[in-house]
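A short write-up of the structure that comes next.
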Amino acid sequence: MKFLRRDLEAPDSRTLPEMLTETLNLLEGDSLILAPGEVPIFVTPGVESLGILKDGRIQSSELLATVRVVRRTHNQQVGKIEVPRGPIGKGKHELTVKVLPLTKDDLVLVLLSDESEAQRVHDVRRDFVANISHELKTPIGALSLLSEAVLGSKDDPESVVKFATRMQSEAKRLTDLVQEIINLSRVQDSDPLQLAQEVSVDYIIREAIDQCQITADNRNITVNYLENCEKIVLGDRDQLIMAVHNLIENAINYSPEGTKVSVTTTVDSQIIDISVTDQGIGISESEQERIFERFYRVDPARSRQTGGTGLGLSIVKHVASKHGGEVKVWSVANVGSTFSFRLPIYETPLEITE
């Protein structure tokens with residue numbers, strides 16, 4: 001579902017020049033025009049997806065103060081504001097704002113742009129290259145050594161089979177790592193709220209479970225989800241499924257064979273909590289703060305055995321933050337863990353007829 005640009009008719013039936021609205025719709029950033037009383041009479045879609053407006057009212061006190069200064073002084077103002085991406089979590093939009101007075105009917109024009117995004121992407125990529133250069137050395141080095149071993153054992157069929165099998169394992173590990181790097185890069189570089197879709201929570205969970213079913217069957221682990229959650233969230237469908245999939249697959253990989261993994265949902269103050277609970281090895285309190293770091297592994301030996309890349313939980317954290325949510329963990333060593341993926345519930349707005 002895409003937000004549609006629209007002109008909103010002011011309560012006193014004033015209309016805006018068509019040339020002005022067409023120009024604003026062509027600009028790269030987003031904009032809105034406010035009548036006295038800070039009533040929006042023109043809104044581009046990104047304004048709503050940024051969380052600037054809710055129920056026709058400006059949510060940022062900083063922006064409101066700037067608009068009132070412009071209305072009082074008739075001088076333009078330029079500045080930066082931070083807007084939460086959702087009601088929970090630490091994700092924020094850092095916006096550059098230009099507010100200008102319009103001569104007609106004491107209107108105020110607000111121009112919004114996210115100029116900090118380019119610097120953020122640059123920083124992310126710089127750190128990312130430093131991390132992956134180390135992580136890629138291990139499987140690549142292993143493949144090089146194993147290929148030499150195969151050449152040295154060409155007259156010993158049993159050794160060739162042994163080393164070739166190891167090569168297949170390392171090649172798969174390298175493939176999985178590259179795919180996870182691509183996934184994390186996409187999550188970090190995109191803003192899922194700019195071209196957001198309405199997505200059913202029930203659909204997200206069932207798709208994620210389906211993607212983990214083969215892994216669960218191979219380890220004789222039952223994944224339980226008996227609910228039918230009718231709530232809707234707003235964002236990128238594929239990213240949301242990937243995040244829940246990572247939590248379920250992580251629970252499967254770190255659980256003893258023959259145990260259960262449970263997926264449940266709860267609602268609290270317009271927040272949907274998708275919880276994944278396992279009966280696994282658990283996570284010590286000292287490590288719970290670090291498990292969402294890129295390439296951090298609680299049990300490196302277990303990660304090698306299960307094919308873990310150390311990126312799955314980092315991806316979950318980024319997806320949650322980008323969608324205005326958060327991820328939390330409760331865990332006791334040798335008892336199990338519960339990961340809670342929390343997102344704002346989306347309420348479909350009333351249609352506005354022009």
Check your understanding: Could you put 146, 226 in order, starting from the residue whose Cβ has the fewest other Cβ atoms within 10 Å?
Key -> 226, 146
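What shape does region 192-354 take by its C-alpha gyration tensor, where a ≥ b ≥ c are the square roots of the eigenvalues and a/c under 1.5 counts as rounded, a/b above b/c as prolate, and the rest as oblate? Numbers along the way, then the final one.
Details: a/c = 2.06, a/b = 1.71, b/c = 1.20.
Taking the square roots of the gyration eigenvalues as a ≥ b ≥ c, region 192-354 is prolate.
If each residue's Cβ is checked for other Cβ atoms within 10 Å, how do 346, 203, 254 rank with the fewest at the top?
On the way: 346 19, 203 14, 254 22.
Neighbour counts put them in this order, fewest first: 203, 346, 254.
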Study note, to complete from the structure: XL table 92/317; 260/317; 90/328; Cα-Cα > 20 Å flagged, in table order, is 260/317
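Taking other Cβ within 10 Å of each residue's Cβ, how do 242, 19 sort, fewest first?
Working: 242 21, 19 8.
Ranking 242, 19 by Cβ neighbours within 10 Å, fewest first, gives 19, 242.
Bear in mind that the values in this text are calculations on the coordinates, not laboratory data. Because the structure is a prediction, the values reported are computed rather than measured. Neighbour counts are summed over all protein chains in view; Cβ atoms, including those assigned to glycine, are modelled from backbone coordinates with ideal geometry.
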